[in-house]
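*Asks:* The structure under discussion is supplied below as structure tokens; questions concerning it will follow.
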Amino acid sequence: MLKKILINQKPIPVPVPLKTLQEVVSWVESTLVKQGQSITRIVFNGRSLSGERLEARSSVEFRSEVDETSKIEFQLETPTDLAVQALDAIHNLSAVILGGLKAQAVAVWQAKPSEKPAEVETVYGDVKLLIDLMEHLQGLVNGQHVDAAAVTGVYTMLKRVEVAISMARSNSDWKACARVFLNRLEPLLKDLAAESEALLVRILATRGPQGALASGQE
């Protein structure tokens with residue numbers, strides 16, 4: 001019989017007989033998950049389940065039997081937790097891109113039309129990742145009582161920059177790429193670094209009693 005699990009690294013006794021991982025998950029959701037929280041990751045005997053694997057509750061993994069030797073860890077998080085993580089990632093990635101952008105722009109400017117500078121692919125990939133992170137963030141704060149307008153504005157302009165880089169990249173116009181890097185992308189990244197930090201402060205200031213963003217939830 002399973003005797004304990006870990007919830008956010010804290011040991012929790014299991015007072016009921018549970019036979020499978022699916023039964024453990026159902027028990028945790030019905031008794032230990034607070035309003036505003038969700039299970040974002042499960043580690044079962046060293047195997048991490050998250051994302052699509054976490055959603056596949058009818059999979060073979062969830063039908064696995066459990067006993068007193070089983071090691072099961074749950075990660076519970078709120079929208080605030082996830083928003084803070086997304087903002088940290090956005091801020092850090094912005095800083096990384098900014099740190100090498102001037103040198104990359106110089107290398108791209110000097111490249112011949114017949115060449116395919118690696119710096120273009122690096123920056124383009126980083127911008128796409130940044131956009132994905134910002135879309136994820138918008139999903140977390142959408143409809144909540146927090147002003148994310150400034151970051152949303154940067155997101156809109158960053159999408160346009162992505163299109164400009166993509167067009168110049170398709171035409172092998174490396175000088176145009178370099179100009180976009182310095183004239184449009186660099187100022188946006190500086191704005192994003194400042195606005196993401198300010199948004200983080202606002203989110204933390206409006207968190208509810210369970211860590212959820214203040215939206216009438218108790």
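The values are calculated or read from the model by the stated rules, or taken from the named source; none is laboratory data. Computed from a predicted structure; not experimentally measured. Note: ideal-geometry Cβ built from the backbone for every residue, glycine included; neighbour counts use all protein chains shown.
*Asks:* Looking at His91, His136, which one is at pLDDT below 95 and either within 30 Å of Ile12 (Cβ to Cβ) or in contact with a strand residue (DSSP E or B) (Cβ under 8 Å, 6 or more places away or on another chain) (or both)?
*Replies:* It is His136.
*Asks:* Among the numbered criteria (1) surrounded by 14 or more Cβ atoms within 10 Å (Cβ to Cβ); (2) in the same structural domain as Glu121 (by TED's automatic domain parsing), which single criterion is violated by Arg41?
*Replies:* (2)
*Asks:* Restricting to the range 161-187, name every residue that is closer than 15 Å to Gly100 by Cα and among the aliphatic types (A, V, I, L, M).
*Replies:* Result: Ala178, Val180, Leu182, Leu185.
*Asks:* Name every residue in the range 6-20 that is touching a residue at least 40 places away in the same chain (Cβ under 8 Å) and farther than 17 Å from Glu61 by Cα, in order of residue number.
*Replies:* Leu6, Ile7, Asn8, Gln9 - these are the residues of the range 6-20 that are touching a residue at least 40 places away in the same chain (Cβ under 8 Å) and farther than 17 Å from Glu61 by Cα.
*Asks:* Among what's in the range 123-133 and is closer than 17 Å to Ala164 by Cα and touching a helix residue (DSSP H, G or I) at 6+ places or on another chain (Cβ under 7 Å), pick the residue that is surrounded by the most Cβ atoms within 10 Å (Cβ to Cβ).
*Replies:* So the residue we want is Leu130.
*Asks:* Select from the range 139-152 the residues that are surrounded by 14 or more Cβ atoms within 10 Å (Cβ to Cβ) and part of a helix (DSSP H, G or I) and list them in ascending order.
*Replies:* Correct list: Leu140, Val141, Ala150, Val151, Thr152.
*Asks:* I'd like the full set of residues that are surrounded by 13 or more Cβ atoms within 10 Å (Cβ to Cβ) and either among the small types (Gly, Ala, Ser) or touching a helix residue (DSSP H, G or I) at 6+ places or on another chain (Cβ under 6 Å) (or both), limited to the range 96-116.
*Replies:* Within the range 96-116, Ile97, Leu98, Gly100, Leu101, Gln104, Ala105, Ala107, Val108, Trp109, Ala111 qualify.
*Asks:* Within the set of pairs 6 or more residues apart or between chains, which connect a residue that is at positive phi inside the range 21-44 to a residue that is modelled with pLDDT under 90 and part of a strand (DSSP E or B) with Cβ atoms less than 9 Å apart?
*Replies:* Qualifying pairs under 9 Å: Gly36/Leu213.
*Asks:* Which condition does Arg53 not pass, out of (1) modelled with pLDDT of 90 or more; (2) in a helix (DSSP H, G or I); (3) out of contact with any Leu (no Cβ under 6 Å at 6 or more places or on another chain); (4) not hydrophobic (A, V, I, L, M, F, W, C), if it passes all the others?
*Replies:* Evaluating Arg53 over (1) modelled with pLDDT of 90 or more; (2) in a helix (DSSP H, G or I); (3) out of contact with any Leu (no Cβ under 6 Å at 6 or more places or on another chain); (4) not hydrophobic (A, V, I, L, M, F, W, C) leaves (1) as the failure.
*Asks:* Can you tell which of Lys128, Lys112 is part of a helix (DSSP H, G or I), assigned by TED's automatic domain parsing to the domain that holds Leu188 and basic (Lys, Arg)?
*Replies:* Checking each option against the conditions leaves just Lys128.
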